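Novice: So that we are looking at the same thing, I have put the structure below in structure tokens.
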Amino acid sequence: MRRISPVLQQDGVDPDLISLLKTILAACREIAFRVGQGELAGVLGSTLSENVQGETQKKLDVIANELLKEVILETGVVKAISSEEEDDIVPGNPRGRYLVTFDPLDGSSNTDINSLIGTIFSILPADPHKDASDASQFLQPGTAQVAAGYVLYGPSTMLALTTGKGTRLYTLDKTYGGFLLTEEQATIPKYTAEFAINMSNQRYWQAPMQSYIADLLQGKEGVRGKNYNMRWIAAMVGDVHRVLCRGGIFAYPSDRKDPAKPDKLRLMYEANPMSFLVEQAGGASSTGYQRIMEIIPTDIHQRVAVILGSKHEVETCVNYHRNSTTPVISD
């Protein structure tokens with residue numbers, strides 16, 4: 001098993017980027033320790049404040065955000081950061097070469113029940129011609145990402161990482177405190193019989209997603225001709241990890257539950273980095289109408305619909321959206 005630095009060096013990754021990634025992972029190791037302590041550390045439960053998304057912040061949300069913000073800005077190679085928990089971007093070194101976006105604790109509502117949570121991050125190139133405090137520098141499509149990954153805090157602490165040369169999986173060796181390569185190339189099977197979606201929102205979905213899921217639920221007796229299993233962890237990082245490990249499709253579609261917020265997941269902090277990881281593992285990612293990584297962001301906190309996972313299943317779901325009156329099953 002190899003350590004992360006030699007693997008990235010072998011891929012020809014820029015030394016500054018390697019150093020930045022190692023710094024992010026150092027913060028994630030600290031978060032993993034806090035998560036593992038749970039109630040013993042007094043970090044469970046909610047605060048009295050809300051984040052910019054209007055969501056009640058968990059104590060661990062705040063702790064994780066501050067840890068990541070502090071260590072990333074100290075690297076000197078980051079021009080600015082953007083976090084799901086911050087109203088605005090936070091400027092760093094005006095001459096920094098990278099921008100970092102992150103969801104410090106995805107699935108934080110799971111902390112109080114000791115279920116899966118994780119940290120998601122994305123790294124973009126900085127524009128040398130823009131000021132460090134200019135939020136517009138972050139409005140780049142997902143195709144511009146130079147690295148993306150997540151750290152999953154579960155029975156073992158795992159890292160999924162891509163720098164554009166495939167998606168690799170690492171496991172934290174607590175003996176010496178570093179991540180070791182445990183899967184050289186994550187490969188998502190093209191076909192699947194497993195889906196992950198929040199069925200409680202079914203009545204609010206658009207017609208194409210209603211039709212698609214209804215056909216899955218018909219199983220062998222329906223047009224799909226096979227039975228499907230449903231899995232739902234209620235943390236994107238956990239559901240996507242399952243997809244990377246054994247295939248499947250994960251979806252959080254647009255809905256009418258809150259007309260002011262038809263979409264749930266954040267483009268820059270969740271959808272883009274997860275799409276990069278999934279595509280580099282042979283999967284696909286779409287809103288139902290557009291490849292997620294080709295979206296030009298209009299706001300740092302923009303939300304989008306997400307459908308990602310096994311390529312055949314994603315393409316089939318997209319066909320329901322594009323041919324809503326006559327669904328087409330992908331070959």
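Throughout, read-outs are computed from the coordinates displayed, never taken from laboratory work. Computed from a prediction, not measured in an experiment: that's the story for all the values here. In this analysis, Cβ positions are derived from the backbone assuming ideal geometry, glycine residues included, and neighbour counts consider all displayed protein chains.
Novice: Using only helices, what value at 222 nm comes out for the chain when you add -39,500 (n - 2.57) per DSSP H run of length 4 or more and divide by the total residues, to the nearest 500 deg cm²/dmol?
Specialist: Taking each H run of at least 4 residues, the total per residue is -8500 deg cm²/dmol.
Novice: Let me ask another. For the stretch 216-331, what is the convex hull volume of the alpha-carbon atoms per residue, in Å³?
Specialist: For the stretch 216-331, the hull spanned by Cα atoms encloses 121 Å³ per residue.
Novice: Given the stretch 101-203, report the % of alpha carbon pairs whose separation exceeds 17 Å.
Specialist: The answer is 68 percent, as a whole percent.
Novice: Can you list the lysines whose alpha carbon sits under 19 Å from that of LYS79, skipping same-chain ones fewer than 8 residues off?
Specialist: Leaving aside lysines fewer than 8 places away in the same chain, those within reach of LYS79 are LYS22, LYS69, LYS130.
Novice: Another question about this same structure. Can you return the lysines within cross-link range of LYS226? Criterion is Cα-Cα under 23 Å, with same-chain partners fewer than 8 residues away left out.
Specialist: Straight-distance partners of LYS226: LYS190, LYS311.
Novice: On to the next question. Determine ³J(HN,Hα), in whole Hz, for all residues of the stretch 279-287 in sequence, where each value follows from phi through the Karplus function 6.51 cos²θ - 1.76 cosθ + 1.60 and θ = phi - 60°; x replaces Gly and Pro.
Specialist: For the stretch 279-287, the Karplus-derived couplings read 5, 5, 9, x, x, 9, 8, 8, 8 Hz, x marking Gly and Pro.
Novice: Now for a separate question. Please give the net charge around GLY166, taking every other residue with its beta carbon less than 14 angstrom from that of GLY166, where Lys and Arg add +1 and Asp and Glu add -1.
Specialist: Its environment carries a net charge of -2.
Novice: Then there's this: Would you compute the Debye intensity of the chain from its alpha-carbon atoms alone, equal scatterers and no solvent, and pass along log10 I(q)/I(0) at q = 0.15 Å⁻¹ to two decimals?
Specialist: Each listed q maps to, in turn, -1.27.
Novice: What list of ³J(HN,Hα) values in whole Hz, one per residue of the stretch 126-139 in order, does the Karplus curve 6.51 cos²θ - 1.76 cosθ + 1.60 (θ = phi - 60°) give from phi, with Gly and Pro shown as x?
Specialist: Each residue of the stretch 126-139 in turn: 8, 8, x, 8, 10, 5, 4, 8, 8, 5, 5, 5, 7, 7 Hz.
Novice: On to the next question. Starting from 0 in steps of 5 Å, tell me what percent of the Cα-Cα pairs of the stretch 127-175 lands in each bin.
Specialist: Whole-percent P(r) values from 0 Å outward: 5, 16, 18, 15, 13, 12, 11, 7, 2.
Novice: Grab the Cα-Cα distance for ASN323 and ALA193, subtract it from 0.36 nm times how many residues apart they are, and report the gain in nm with one decimal.
Specialist: Extending this stretch completely gives an extra 44.6 nm.
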